[in-house]
Amino acid sequence: QVQLAESGGGLVQAGGSLRLSCTASEDTSSYTMGWFRQAPGKEREFVAAISWGGTRTNYADSVKGRFTISRDNARNMMYLQMNSLKPEDTAVYYCLQGPRLWTGSAWNPHDFDSWGQGTQVTVSS
């Protein structure tokens, strides 16, 4: 099982930016990768996904146009660039390894059994 570690969270004002990083313990280049988030009292929510080659992406409507997912397979890294942040983006953000096959569909959090510690993003108004 690949180990994933999220970092880069913090406190920012509305309209600001953050860049989250996800570091993998081994090569994940043959897998899709993605991000979920969970706000207090709410269900885990799909944020974005990226294909193994990094050429295909999918975003939740709530973040489309503001967030950008990317990956660097040579470094076993994945990123989430978050711009124009809103207080509604406040949540713990998790990175996950997805299936090998790209589907282009949003991921269901119930399809995943294990979660890392995540990284906290707090956006003040």
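Listing for the model above:
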read-out: Relative contact order %, the chain, counting alpha carbon pairs below 8 Å whose residues are six or more apart; value: 36 percent
read-out: Solvent-accessible area, 1.4 Å probe, carbon plus sulfur percent, for the chain; value: 45 percent
read-out: Average accessible surface area per residue within the chain, 1.4 Å rolling probe, Å²; value: 52 Å²
read-out: Directionally averaged projected area (convex hull, Cα atoms, the chain), nm²; value: 7.0 nm²
read-out: Surrounding net charge for Ile50, when Lys and Arg each add one and Asp and Glu each subtract one, Cβ distance under 9 Å; value: +2
read-out: Quotient of Cα Rg and 2.2 N^0.38 Å for the range 54-116, N being how many residues it contains; value: 1.19
read-out: Cβ-placed point charges (K, R +1; D, E -1), dipole of the chain about Cα centre in debye, nearest 20; value: 300 debye
read-out: 10 Å Cβ shell holding at most 12 others, DSSP loop, GluC sites (Glu not before Pro): longest site-free stretch of the chain; value: 44-125
read-out: Lys/Arg +1, Asp/Glu -1 at C-beta; the chain dipole; positive extreme among Leu4, Gln117, Ser70; value: Ser70
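The values are calculated or read from the model by the stated rules, or taken from the named source; none is laboratory data. On a predicted model such as this, the values are computed, not experimentally measured, just so you know. Using ideal geometry, Cβ is built from the backbone for each residue, glycine included, and neighbour counts are taken over all protein chains shown. The area values use the complete protein model at the heavy-atom level, side chains included, leaving out ligands, DNA and RNA. Shrake-Rupley method; radii C 1.70, N 1.55, O 1.52, S 1.80 Å.
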